[in-house]
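J.: To start, I am sharing the structure in question, which I have written as structure tokens.
The values are calculated or read from the model by the stated rules, or taken from the named source; none is laboratory data. Quick caveat, the model's predicted, so the values are computed rather than measured. Counting neighbours? That spans all protein chains shown, and the Cβs are built from the backbone with ideal geometry, glycine included. We work out accessible area using only protein heavy atoms, side chains counted, and drop any ligands, DNA or RNA first. Shrake-Rupley method; radii C 1.70, N 1.55, O 1.52, S 1.80 Å.
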Amino acid sequence: MPGLVIVGAQWGDEGKGKVVDLLAEQAEVVIRFQGGNNAGHTIVRERETYKFHLVPSGILYPGKICAVGNGVVVDPKVLTEELDGLRRRGVDVSGLRISANAHLIMPYHLLLDHAGESRLGKLQIGTTRRGIGPCYADKAARLGIRMQDLLDEKILRQKIYAAMEPKRQTLRPFAKDPVLDLHTMTEEYRTLGHRLEPYIADTAPIVWDALDRGNLVVFEGAQGTMLDIDHGTYPFVTSSNPVAGAACVGAGVGPKDIDEVWGVAKAYATRVGAGPFPTELEEETGRRLREVGREFGTTTGRERRTGWLDLVALRYAVRVNGLTGVAITKLDVLTGIDPINVAVRYLGPEGASFDTFPYHQSILHKSVGDYVELPGWEENISQARSLDDLPANAQAYLDFISEQLGVPVVMVGVGPARDEMLWTGAAERLRPAAA
Ligand code: IMP
């Protein structure tokens, strides 16, 4: 399976980073295809914890080609800081490649993100305030500045000027902010360009070559299906497409280059930021999931909202992404909860019931889960290394998910450590040597 796409099947934070990190060992290339440093991955390696925001999750394998695709938006300050941090810890980052066509998050994007959210007041989206939306907006408006522009001062200055001019009105409250000075900004970004130059590359041919050789390429998604700007709970979404189709656009390959698409889902559900969440739990069980699952954002530290597993949204994710497998993470967090509820349909306004994901926002906002109760388990499952090691009720939980989704479970997370992952079915032959 040379082309394997890994996407979030819920609202992000499903544990994609760990899944990609484990798969990376067998891969020739790992490439991110959308999003930016709104993402956050925590990887635990030999008792050390690493937090990534931009660099693909495979970077901990020395020299592994880890590419930031053209579909990603890059804050060069954040990237250089992330690289400095990794180098200080002795990590070899020589395998990093950044697409020359990736768009740059500029200082005014951050200010616009803040200003936009403040203006929305109670209606705010709860963005990560990393400038993601304004950067993608400039890309679509053809006012974006790309990685390659960092290498030519004259062009960089012209483009910054052209991009800032139409924003004058909105940026007026920050007019005296030194970060908006054209000269200072150009100088600063030129310096960042010098530092990043060794990594700037034409990333698509790197992927093509690996695929042509029949080697594994992992396309790493960020955020999740329900945060997709087209298919998610708009407007409470991010400004890119976290769905699998975007792997082609954001990395520069065609649909035929994709062999498998695995969706990562937690054994329950979480969401950060505002927007509909039909299975949300606000009482004791919700708090328990947050505490036991350590559900606090890697990027913003915000408390995540928690809820029961939502199979309506997950069946939708299977279809939208064309999932061929599902990786269930954090199964251990459910240990000791009995019974466990799982939403199999939604109950909407006026007694309506929905087996499929309702497209209309007003309906979704008023929908709540209609649950089946599944029996829980008390045993500590973190020592399990195959499905057979799991208590019967945990196995039955996974079987129920797989039946409802119509796709096999390929990986199961039973704890944060690298070896606390079960590999089954199509994933078995991608199991890293040490796991
Ligand atoms: P933005 O991507 O910063 O514009 O934020 C838009 C929405 O997506 C907000 O609800 C964020 O909380 C959410 N979001 C963005 N990135 C992530 C992520 O990596 N995990 C979970 N939620 C995210």
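J.: Heavy atoms only, probe 1.4 angstrom, no DNA, RNA or ligands counted: give me 310, 388 ranked by accessible area, highest first. Write out the running numbers ahead of the final one.
T.: Values: 310 5, 388 130 Å².
Heavy-atom accessible area, descending, gives 388, 310.
J.: Only Lys, Arg, Asp and Glu count, each charged at its Cβ (+1, +1, -1, -1), so figure out the dipole size of the chain about its Cα centre, rounded to 20 debye. Walk me through the numbers before you get to the answer.
T.: On the way: 48 positive and 56 negative charges, 297 e Å.
Dipole magnitude for the chain comes out near 1420 debye.
J.: How large is ³J(HN,Hα) for each residue in the stretch 90-97, as worked out from phi by the Karplus curve 6.51 cos²θ - 1.76 cosθ + 1.60 (θ = phi - 60°), to whole Hz, x for Gly and Pro?
T.: Going residue by residue, I get x, 7, 7, 9, 5, x, 6, 9 Hz, with x marking Gly and Pro.
J.: Could you pull out the GluC sites (Glu not before Pro) across the stretch 11-51 that fall in loop regions by DSSP (anything but H, G, I, E, B) with no more than 15 other Cβ atoms inside 10 Å? Intermediate results must be reported in sequence, preceding the final value.
T.: On the way: sites: 14, 25, 28, 46, 48; in loops: 14, 25, 28, 46.
Answer by residue number: 46.
J.: Taking only Cα atoms, what is the 0 to 90° angle, nearest 10, from helix 203-212's long axis to the longest principal axis of the chain?
T.: Computed tilt is about 50 degrees.
J.: Going by average Cβ density within 10 Å per residue, which order do the peptides 245-257, 274-286, 214-226 take, highest to lowest?
T.: 214-226, 245-257, 274-286
J.: Note the count of lysine pairs whose C-alpha atoms are less than 29 angstrom apart in the stretch 42-181, limited to pairs 8 or more residues apart or on different chains.
T.: 21
J.: For the stretch 305-357, what is the convex hull (Cα atoms) projected area averaged across all directions, in square nanometres?
T.: Working: hull surface 20.2 nm².
Computed as one quarter of the Cα hull surface, the answer is 5.1 nm².
J.: Given a 1.4 angstrom probe, I'd like the percentage of the accessible area of the chain that is carbon and sulfur, rounded to a whole number. Write down the numbers at each step before the final one.
T.: Details: 9060 of 17870 Å².
After summing per-atom areas, the C and S share lands at 51 percent.
J.: Rounded to whole Å, give me the distance from the Cα center of the stretch 52-66 to that of the stretch 113-144.
T.: Cα centroid of the stretch 52-66 versus Cα centroid of the stretch 113-144: 28 Å apart.
J.: Using every Cα-Cα pair within the stretch 177-263, state what percent have a distance larger than 15 Å.
T.: On the way: 2619 of 3741 pairs.
Above the 15 Å cut-off, the stretch 177-263 has 70 percent of its Cα pairs.
J.: Right, another one. Given the DSSP H assignment, sum -39500 (n - 2.57) over each helix run of at least 4 residues in the chain and divide by its residue total; what's the result at 222 nm in deg cm²/dmol, nearest 500? Don't jump to the answer; show the numbers that get you there.
T.: Values: 13 runs with 133 residues, N = 435.
Roughly -9000 deg cm²/dmol at 222 nm, from the helical runs in the chain.
J.: Okay, moving on. Taking the chain as a Gaussian network, where each spring joins two C-alpha atoms under 10 Å apart, which residue of 26, 361, 34 fluctuates the most?
T.: In this elastic network of the chain, the residue with the biggest mean-square fluctuation among 26, 361, 34 is 361.
J.: A follow-up question, please. Bins of 5 Å, beginning at zero and ending with the bin holding the largest distance: percent of Cα pairs per bin for the stretch 287-435, please.
T.: The calculated distribution, bin by bin, is 2, 9, 16, 18, 20, 18, 11, 4, 2, 0, 0.
J.: Compute the separation of the alpha-carbon centres of the stretch 319-361 and the stretch 147-221 and state it in Å as a whole number.
T.: 39 Å
J.: Now for a different question. Jot down the radius of gyration and Dmax of the stretch 50-151, Cα atoms only, both in angstrom.
T.: Reported Rg and Dmax, both Å: 15.2, 47.
J.: Based on the mean of other Cβ atoms within 10 Å per residue, sort peptides 184-191, 129-136 so the most packed one is first.
T.: Values: 184-191: 16.2, 129-136: 23.8.
With the highest mean Cβ count within 10 Å placed first, the list reads 129-136, 184-191.
J.: Quick one: which residues, 5+ away or cross-chain, put their amide H under 5 Å from the amide H of residue 409? H built at 1.01 Å from N.
T.: Amide H to amide H, under 5 Å and 5 or more residues apart or across chains, residue 409 pairs with 326.
J.: Relative contact order of the chain, please, whole-number percent, based on alpha carbon pairs below 8 angstrom and at least 6 residues apart. Please report the intermediate quantities before stating the final value.
T.: Numbers: 982 pairs, mean separation 84.1, N = 435.
With pairs under 8 Å counted, the relative contact order is 19 percent.
J.: Quick check: the distance between the Cα centres of the stretch 230-271 and the stretch 368-420, to the nearest angstrom?
T.: Taking the Cα centre of each part, the stretch 230-271 and the stretch 368-420 sit 23 Å apart.
J.: Could you give me the ³J(HN,Hα) list for the stretch 28-45, computed from phi with Karplus coefficients 6.51, -1.76, 1.60 and θ = phi - 60°, whole Hz, x at Gly and Pro?
T.: In residue order, the calculated couplings are 7, 9, 10, 10, 7, 10, 7, x, x, 8, 6, 7, x, 10, 10, 10, 9, 9 Hz.
J.: What translational diffusion coefficient, to the nearest whole µm²/s, does the chain have by Stokes-Einstein, given a Kirkwood radius computed over alpha-carbon pairs, a temperature of 4 °C and 1.567 mPa s viscosity? Numbers along the way, then the final one.
T.: On the way: Rh = 22.2 Å.
Reported coefficient: 58 µm²/s.
J.: Suppose all protein chains stay in the model; what accessible area per residue would a 1.4 Å probe give for the stretch 294-435, in Å²? Could you put the intermediate results ahead of the total?
T.: Values: 6340 Å² over 142 residues.
In whole numbers, the stretch 294-435 has 45 Å² accessible per residue.
J.: If contacts are Cα pairs under 8 angstrom and at least 6 residues apart, what is the relative contact order of the stretch 169-286 in percent?
T.: On the way: 71 pairs, mean separation 18.1, N = 118.
Here the relative contact order equals 15 percent.
J.: May I ask for the equivalent-ellipsoid semi-axes of the stretch 1-117, computed as the square root of five times each C-alpha gyration tensor eigenvalue and listed largest first in whole Å? Could the numbers behind the result be given before it?
T.: Numbers: eigenvalues 105, 56, 44 Å².
Result for the stretch 1-117: semi-axes of 23, 17, 15 Å.
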